[in-house]
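S.K.: Below you will find the structure I want to go over with you.
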């Protein structure tokens, strides 16, 4: 079946602009995660959605970052007033449910802030 | 606090050599899960294995094997008879085993870049 998909694959933006990154999880997966991969910070957790529960936003680095998940499926990560330090690969992952199940990752969105 | 350490930043081997990637973890939890992921040059993280803290049996899958030792908090990964296609960055990760809506985020190590030369 189809894996996790993300769009766009690449995004170049100017400092101060807003960007939206999209994630389509594997059908039937109730848990969805966003991670960020950068040279300086490695792979770091950003936010977690599970079913209808309130999301865990503890990994978001600042209030410029937000995410939503509509209908328990597609998720959008929004970064407002982008800064150069936001440049990274943003990865989305999904899993069958809560609990420490294996997470399946998408190909990522490479964000470059000029 | 939870932490995963992959001390080997880069390893270079010649095809057919065996190679072991080290992973050391820290956690105060008695129940937890350990993972290995592969990130080839294409960039997509590929799941390799999940192991819970109560299962210390070593596991073998083809040319891959994993050695879990709670006494040393290590979860090492060995590739036997390496091939060029094994060239990738390999990440070890740790997750809490919390339920009831708690987040089971992955705490990743910094990764080991494995280069297999022909």
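Only the coordinates and a few stated rules stand behind these numbers; no lab work does. The structure presented is a predicted model; accordingly, all values stated were derived computationally and were not measured. Please note: Cβ atoms are built from the backbone with ideal geometry, for glycine as well, and neighbour counts cover all protein chains shown.
S.K.: Whole number please: convex hull volume per residue, Cα atoms of chain A, in Å³.
M.R.: 95
S.K.: I would also like to ask the following. Considering Cα pairs under 8 angstrom that are at least six residues apart, work out the relative contact order of region B:43-118 and quote it in whole percent.
M.R.: Taking the mean separation of contacting Cα pairs over the length of region B:43-118, I get 22 percent.
S.K.: Between A:30, A:70, A:13, which gets the highest mean-square fluctuation from a Gaussian network model of chain A, Cα cutoff 10 Å?
M.R.: A:70
S.K.: Using square roots of five times the C-alpha gyration tensor eigenvalues, list the equivalent-ellipsoid semi-axes of region B:33-114 in whole Å, biggest first.
M.R.: After scaling each eigenvalue by five and taking roots: 23, 17, 10 Å.
S.K.: When Cβ neighbours within 10 Å are restricted to other protein chains, what is their mean count per residue of peptide B:104-115? Don't skip to the answer; put the middle values down first.
M.R.: Numbers: counts 12, 13, 10, 3, 6, 2, 3, 3, 0, 0, 0, 0.
Average neighbour count from other chains, rounded to a whole number: 4.
S.K.: Rounded to the nearest Å, what's the spacing between the alpha carbon centres of region A:1-68 and region A:97-113? Just the number, please.
M.R.: 7
S.K.: Would you kindly calculate the mean projected area, averaged across all directions, of the convex hull enclosing the Cα atoms of region A:23-66, in square nanometres?
M.R.: With the hull built on Cα positions only, its mean projection is 3.7 nm².
S.K.: Taking the highest mean first, how do the peptides B:54-67, A:53-66 order by number of other beta carbon atoms within 10 angstrom per residue? If you can, show how the numbers build up before the last one.
M.R.: Working: B:54-67: 12.4, A:53-66: 14.4.
Ranked from most to least packed, the peptides come out as A:53-66, B:54-67.
S.K.: Moving on to the next point. What is the mean number of Cβ atoms from other protein chains located within 10 Å of the Cβ atom of each residue in peptide A:36-46, rounded to a whole number?
M.R.: On the way: counts 0, 6, 0, 0, 0, 1, 7, 11, 4, 5, 1.
Taking the mean over all residues of the peptide, I get 3.
S.K.: Let me ask something additional. Rounded to the nearest angstrom and ordered from largest down, what semi-axes does the equivalent ellipsoid of the protein assembly as shown get from its C-alpha gyration tensor (root of 5λ)?
M.R.: 30, 22, 16
S.K.: Which whole number gives the average count of other chain Cβ atoms within 10 Å of the Cβ atoms across peptide B:37-43?
M.R.: For peptide B:37-43, the averaged partner shielding equals 3.
S.K.: Something else now. Over chain A, what is the mean sequence separation of C-alpha contacts under 8 Å (at least six apart), divided by residue count, expressed as relative contact order in percent?
M.R.: On the way: 279 pairs, mean separation 43.6, N = 114.
Relative contact order, chain A: 38 percent.
S.K.: Starting from the Kirkwood Rh over alpha-carbon pairs, what translational D in µm² s⁻¹ does region A:46-110 have by Stokes-Einstein at 37 °C and 0.692 mPa s?
M.R.: After rounding, the answer is 252 µm²/s.
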